[in-house]
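What follows is one structure encoded as structure tokens, with my remarks underneath.
What follows draws every value from the coordinates through simple rules; no lab data is involved. Small disclaimer: the values here were computed from a predicted structure and weren't measured. FYI the Cβ positions are ideal-geometry reconstructions off the backbone, even for glycines, and counts take in every protein chain you see.
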Amino acid sequence: MKPGSHPHSLGLGLTSPASRARLVAELKREGIVDERVLETLMKVPRHEFVEEAWRGEAYKNKPLPIGQSQTISQPYIVALMTQLLLEVPPGGAPRKKVLEVGTGSGYQTAVLAELVQNVFSVERLKALSEQARNRLRGLGYRNIHFGYADGTGGWASHGPYDGIVVTAAAVDVPKALLEQLEKGGRLVIPVGPPAKQSLRVIDRVSPNKWQSRDVAGVSFVPLLEGKA
Ligand code: SAH
């Protein structure tokens, strides 16, 4: 084989820039318009966040297993939640301090860390929390703070947050998360029982007023109580 003619050097590998660009083009067709989000999905190596056996699938628009019966969300959903979280009302300040509930593989965490100053991420499964922490440190992220805890109660000591994203589905929106939102802050959370979940966007418009709308049907693993 001539130098440079190996499929990988031609950019045909399954984790190559070409396969990432195909994914990003698909997300754009599906309605992701925020260029910062698209650029970030092009940049963050999703194949580093899935088990070895699944690497070849990492730039397909589908969820994948990450161990412990959990899944890394579909790229479209990560992009949509990030786009919703970054959206600010006219004249509003860009989001700076974000809480994520459900670290999982750490992929959504990395995407957020590319786009805001500080990310606080909480996971209830010790094995996943430690693995994500090591992975993200290894990839060079220094603006992520990891918590091993039940995120249903948020992370009060670092709050309030101008953005909160929950990557597991709640039956009811946890009160603590509403309380830990700053005025003008936004919570993005899947809500509802399995097979009937909606992605909900909740804005704290004033100290005592929250405004909510459902934007899409989704399918997430459940938000569970306690640590394991
Ligand atoms: N954002 C993750 C998605 C992982 S799936 C990723 O990109 O890989 C959802 C995660 O939420 C799982 O890891 C699950 O263990 C975690 N989770 C469920 N209930 C939780 C809770 N109460 N507190 C913190 N994490 C929780």
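Some points to look at:
- For the chain, the fraction of C-alpha pairs more than 25 angstrom apart is 38%.
- Centre-to-centre separation between the Cα atoms of the stretch 22-66 and those of the stretch 176-228: 23 Å.
- Here the 3J(HN,Hα) profile of the stretch 173-178, calculated from phi with Karplus coefficients 6.51, -1.76 and 1.60 at θ = phi - 60°, is 5, x, 4, 4, 5, 5 Hz, Gly and Pro shown as x.
- Dividing the C-alpha radius of gyration of the stretch 80-157 by 2.2 N^0.38 Å, with N its residue count, gives 1.10.
- Each label point was placed 7 Å from the Cα along the Cα-to-Cβ direction; for ALA149 and ARG213 their separation is 3.2 nm.
- Antiparallel bridge percentage (DSSP; both residues within the chain; nearest 5): 45 percent
- Greater than 26 Å apart at Cα, pairs in LYS126/LYS175; LYS96/LYS227; LYS28/LYS60; LYS60/LYS96; LYS62/LYS209: LYS96/LYS227; LYS60/LYS96; LYS62/LYS209
- Between 0 and 90°, nearest 10: helix 75-86 axis offset from the chain longest Cα axis: 40 degrees
- For the stretch 17-29, putting each phi into the Karplus relation 6.51 cos²θ - 1.76 cosθ + 1.60 with θ = phi - 60° gives couplings of x, 5, 6, 5, 5, 5, 5, 4, 4, 5, 4, 5, 4 Hz, in residue order, rounded to whole numbers and with x for Gly and Pro.
- Of the trypsin sites (Lys or Arg not before Pro) in the stretch 42-123, those whose Cβ has at most 14 other Cβ within 10 Å and which sit in DSSP loop: LYS96
- Highest average packing first - 213-220, 70-77, 137-144, Cβ atoms within 10 Å: 70-77, 213-220, 137-144
- Rounded to 5, the percent of DSSP beta bridges in the stretch 1-123 classed as antiparallel: 40 percent
- Helix axis angle, 126-138 relative to the chain longest principal axis, alpha carbon, degrees: 60 degrees
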